[in-house]
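J.: Dropping the structure in here first, questions after.
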Amino acid sequence: MPLVLPPKADFLEAGSGPPVMLVHSSVSGARQWRRLMDELKDDFHVRAVNLYGYGKTPPWPTDAAQSLDDQARLVETALPANADRVFLVGHSFGGSVAMKLAARLSGRVAGLVLLETNPFYLLKQSGRADAFSEIMDLRNWVKKFGWMGEWGTVAERFADYWGGAGSWENMPPERRHAFTEAMKPNYFEWDAVMEETTPAEQWARLLPRSTLLVSDPNTVLPIRELTAILRRSSPMWTYKEIAGGGHMAPLTRPDLVNPLVRSFLRSQLCHDSASLMHA
């Protein structure tokens, strides 16, 4: 079969300098990065991409299973022309997409930031049965009630799982409506994070040593286990913890997350510049 080209991804843009691509979490969109974009724009050319079904990017066009490679190829369409070196930042599902894009771009990635990344298939590969069962319960809920079109039922459980009990109840009505609408692309995103096959040890070879993984030590069990798996397979990466931030910290606690991202990107920019000068 001929390769189907992805559509052009919609994105927000700010600043000038070396390119930084920001990849949002599920049920969010490029606007989640507004504050980080403001904090990076003096040093970088920042593009925050909308994945399939968010912003003005078209929805996933088929009932066929979506892959991380499909999403990575989409983000690739938003890369600035002639971007020889690029920095990538991804949160949750966006972290998994950023991992796949970094592997596709190979040596062109000067730095990679993963904020509670979620390649859930690694839980099964690594025998983390309790964590895998927990996340499969959520996946099955989304698939079952999403297929039935009961998106409010999906949204309530999803919000409370990732944001903590009471998140849905405390959400104002207009926010509930927007959140429910934004749930729909998530139906396909589960296929991407469950059907990937790259082993953890291979990610260690595919991704740059200049990778930062940020997580909350008290986050949900599946993310805690994924962090442990990646720590074991990629000990050369940089690991930072943000206690109390939770899985949604890039949105709810940018005061904790953004300084870590900015500091890491700036340090890698200096390192990258020095390496190129001595090459």
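The values are calculated or read from the model by the stated rules, or taken from the named source; none is laboratory data. It should be emphasised that the depicted structure is a prediction, and the values quoted were computed from it without experimental measurement. Virtual Cβ from ideal backbone geometry, glycine too; neighbours counted across all protein chains shown. Note: accessible area is taken over every heavy atom of the protein model, side chains too, but ligands, DNA and RNA are not part of it. Shrake-Rupley method; radii C 1.70, N 1.55, O 1.52, S 1.80 Å.
J.: Being touching a residue at least 40 places away in the same chain (Cβ under 8 Å) and under 25 Å from residue 61 (Cβ atoms), is that true of even one residue in the range 156-178?
T.: Yes: the range 156-178 contains one or more residues that are touching a residue at least 40 places away in the same chain (Cβ under 8 Å) and under 25 Å from residue 61 (Cβ atoms).
J.: OK, next. Say whether the condition of being aliphatic (A, V, I, L, M) and in a helix (DSSP H, G or I) is met by at least one residue in the range 167-174.
T.: no
J.: Now, a different point. Within the range 89-98, can one find any residue that is over 14 Å from the mean Cα position of the chain (by Cα) and at pLDDT 95 or above?
T.: Looking for residues that are over 14 Å from the mean Cα position of the chain (by Cα) and at pLDDT 95 or above, one finds none in the range 89-98, hence no.
J.: Please determine, by comparing only the residues of the range 17-55 that are of a type in the set (Phe, Trp, Tyr) and assigned to a loop (DSSP other than H, G, I, E, B), which one is nearest to residue 75 (Cα to Cα).
T.: Step by step, filter the range 17-55, then rank; the result is 52.
J.: Related question: Looking at this structure, is residue 116 on the phi > 0 side of the Ramachandran plot and out of contact with any Leu (no Cβ under 6 Å at 6 or more places or on another chain)?
T.: In short, yes.
J.: Counting only residues that are in a loop (DSSP other than H, G, I, E, B), modelled with pLDDT of 95 or more and charged (D, E, K, R), how many does the range 56-75 have?
T.: Here the count works out to 1.
J.: If I filter the range 131-164 down to residues being more than 15 Å from residue 27 (Cα to Cα) and over 23 Å from the mean Cα position of the chain (by Cα), which single residue comes out as surrounded by the most Cβ atoms within 10 Å (Cβ to Cβ)?
T.: Among those residues, the one meeting the criterion is 145.
J.: Only one of 95, 17, 53 is open to solvent by less than 10 Å² (accessible area, probe 1.4 Å) and not basic (Lys, Arg). Can you tell me which?
T.: Exactly one of 95, 17, 53 is open to solvent by less than 10 Å² (accessible area, probe 1.4 Å) and not basic (Lys, Arg), namely 95.
J.: Could you list, in sequence order, all residues of the range 73-132 that are closer than 16 Å to residue 265 by Cβ and either out of contact with any strand residue (DSSP E or B) (no Cβ under 7 Å at 6 or more places or on another chain) or among the β-branched types (Val, Ile, Thr) (or both)?
T.: 86, 89, 109, 113
J.: Could I ask something else about it? Can you tell me which residue among 132, 93 is out of contact with any Ser or Thr (no Cβ under 8 Å at 6 or more places or on another chain), of a type in the set (Phe, Trp, Tyr) and under 21 Å from residue 195 (Cα atoms)?
T.: 132
J.: Something else about it: If you take the residues of the range 224-263 that are open to solvent by 20 Å² or more (accessible area, probe 1.4 Å), of a type in the set (A, V, I, L, M, F, W, C) and part of a helix (DSSP H, G or I), which of them is nearest to residue 160 (Cα to Cα)?
T.: Ranking the candidates gives 251 first.
J.: Among the residues of the range 76-109, which ones are at negative phi and assigned to a loop (DSSP other than H, G, I, E, B)?
T.: 77, 78, 79, 80, 81, 83, 84, 85
J.: Enumerate the pairs (first residue in the range 79-100 and free of Cβ contacts under 8 Å to residues at least 40 places away in the same chain; second residue anywhere and open to solvent by less than 20 Å² (accessible area, probe 1.4 Å)) with beta-carbon separation below 8 Å, excluding pairs fewer than 6 apart on the same chain, so at least 6 apart or on different chains.
T.: Here the result reads none, with nothing in the range 79-100 linked to a residue that is open to solvent by less than 20 Å² (accessible area, probe 1.4 Å).
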